[in-house]
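Notes to accompany the following structure.
Each reported figure results from applying straightforward, stated rules to the coordinates on display, with no laboratory input. Since the model is a prediction, treat every value here as computed from it, not as a measurement. So basically every Cβ, Gly included, is an ideal-geometry build from the backbone, and we count neighbours across all protein chains shown.
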Amino acid sequence: MKRLFGNTSGLKTNQVRRLERLHRRRVPAEFLVTWELAREITSISYEIRQQIGLLINRMGQVACVIIGDPRKIVIPDTPDYRTLPGRLKGLRCVHTHLGEERLTDDDLTDLALLRLDIMAAITMTAEGLPHQIHMGHILPSGSGEMPYQLLPPLGPGQLDIGCGGLIQALEDELAHIRSLYDAEGGKERALLVSVTAAPRRAANDSLAELRELALSGGIEVVETVLQQRKKVDPRFLMGRGKLRELTLTALQKGISLFIFDQELNPSQTRSITDQIDLKIIDRTQLILDIFAQRAQTREGKLQVELAQLKYLLPRLITKNTAMSRLTGGIGGRGPGETKLEINRRRVRDRIARLGDKLERVRKQRKQQKAKRDKKSLPIISIIGYTNAGKSTLLNTLTKSHVLAESRLFATLDPSSRRLRFPRDTEVIITDTVGFIKDLPKDLMVAFRATLEELESADLLLHMIDISNPRFQEQIKSVTRILGELHLENIPVIPVLNKQDQVERETVEQLARNLDGTPVSAMDRRTLMPLIEKMEAVVQAGRFGR
């Protein structure tokens, strides 16, 4: 880590040397700082009329000297000191204030966002001598209104505060809080965040879906936060004050992961991760992570890796702290496990190779399609929003055992089965990956070979979970994606699933309004009207050829 941080261009040579010599100073373990060291930095600060800060580690060594401006210091990235769940930074910040100002809001924000052991400000007299030292620390079990402990000002003879013991006690309390949550299952614990200008109802619906995605990805959702703003902050989405509040919430509730409902661009990802020592992912990363968990076939794994690398490529910045939290575990399975020394050229080469492999898969699919066309077997594809019951319908229609679970994206790799209608018409029926609102573009591109299977379909069954309160928005999302894939001209039968969970009058009204066929996908006895309609459409299509 760089030892002297800040702008030294306006300083005299002897002043720079004095600052450099501060690294040689040692602070006894139980002292916050020695009065002699405080006097030295206030003397330099008074001369140059700029704030001076020290980052002191737990061995009493000065890890970094910071040169600020008259109003503030900017604490640099400290890659050698990373926070872990239930732990503090391992660094305390002691810095000067040019007047008699106590800890400022900026000081407390840095204390919270960076999880510093202690934040301290040395005020000075009009002659440039130390006056008092004001200090504060995070209160692990504090309330939202009082998340800090601010201690009374310290004078020259009061700096032996039992500093090591104080920090250890804070970490013991944090570790105790963490252990309570770890005992409940050891899952990654997340706070879901939405910062949007959208109407509250739409924002809440989107957050509810994000919660379902998180649960589907094996994440425990601790809390959700919705902040509506007329204009979203281009750097942090929200203000630094709100970030501070959320960071303290995370610390006090054992949260290790923030998931943003909005897709973060590379600069936002970097800005936020430069501010807080927590793992940050967005909706796109979460979806990619779920896909990485579910991919079983070689093709599926290739498609997911391609999408992940395309997402990560613009975010690959050398030694960027954001990348260390974009990879590994939740949000970074598959290629995310690769070491961060990977460079852009290697990523681009890998993307090109994956593209070539998927192009070969695409050609193989076209050959398979040509063989099917020769046999003249009609193809019926089941489409719909994720978790609408597509795999369950396939299993019930064909008496097969495709994986069907009540979670988002349970099916990733498509499955095909043969189905014989009562009049001996034989068809191929295919289950497909579920659609979702704001499906990542890179994922759409990567799964092009799979989605192109839909182009050869003679009939689409659009599964709609009418028990879901957001089914109208889900219908619009599926219709929009079908349009993007240029599949509007293929006949579609709306299938109104889970009719047993909705009042009969409502089902009848929806069937009329949507021209749909109500079913309960798990109950074969309810499927006969659908089977008859499917066969009629297929027969009409064959005679129309």
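Calculated FRET efficiency, R348 and R49, Cβ-Cβ r, R0 56 Å, to nearest 0.05?
On the way: r = 49 Å, r/R0 = 0.87.
For R0 = 56 Å, the calculated efficiency reads 0.70.
Site pair A540 and K253 shows an inter-label distance of 5.2 nm when each label is modelled 7 Å from Cα along Cα→Cβ.
Work through the residues other than G239 whose Cβ is under 14 Å from its Cβ and net out their charges, Lys, Arg +1 and Asp, Glu -1.
Numbers: positive: R229, K230, K231, R235, R240, K242, R244; negative: D105, D106, D233, E245.
With Lys, Arg at +1 and Asp, Glu at -1, the neighbours total +3.
The spacing between the stretch 267-284 and the stretch 33-65, judged by their C-alpha centroids, is 30 Å.
Residues in the stretch 518-541, backbone N under 19 Å from the label point at D500 (7 Å along the Cα-to-beta-carbon vector): list them, ranges by number please. Correct set: 518-531.
Computed from label points 7 Å out along Cα-Cβ, the spacing between E30 and R480 is 6.4 nm.
You can think of it this way: the chain between I531 and N14 has 177.2 nm of extra reach, that is 0.36 nm per residue less the Cα-Cα gap.
Using θ = phi - 60° in the Karplus curve 6.51 cos²θ - 1.76 cosθ + 1.60, the 3J(HN,Hα) couplings for the stretch 526-536 round to 8, 8, 4, x, 5, 4, 5, 5, 4, 5, 4 Hz; x is entered for Gly and Pro. Comparing Cα centroids, the stretch 162-238 and the stretch 73-122 end up 22 angstrom apart. Charging the Cβ of each Asp and Glu at -1 and of each Lys and Arg at +1, and nothing else, the dipole of the stretch 189-296 about its Cα centre rounds to 380 debye. Across the stretch 428-439, computed HN-Hα scalar couplings (Karplus, 6.51 cos²θ - 1.76 cosθ + 1.60, θ = phi - 60°) run 9, 10, 10, 8, 10, 4, x, 8, 7, 4, 6, 4 Hz from first to last residue, x flagging Gly and Pro.
In the structure displayed, which of K363/K476; K187/K301; K242/K310; K72/K242; K2/K89 lie more than 22 Å apart, Cα to Cα? Intermediate results must be reported in sequence, preceding the final value.
Numbers: K363/K476 31 Å; K187/K301 24 Å; K242/K310 31 Å; K72/K242 20 Å; K2/K89 17 Å.
Over 22 Å apart, Cα to Cα: K363/K476; K187/K301; K242/K310.
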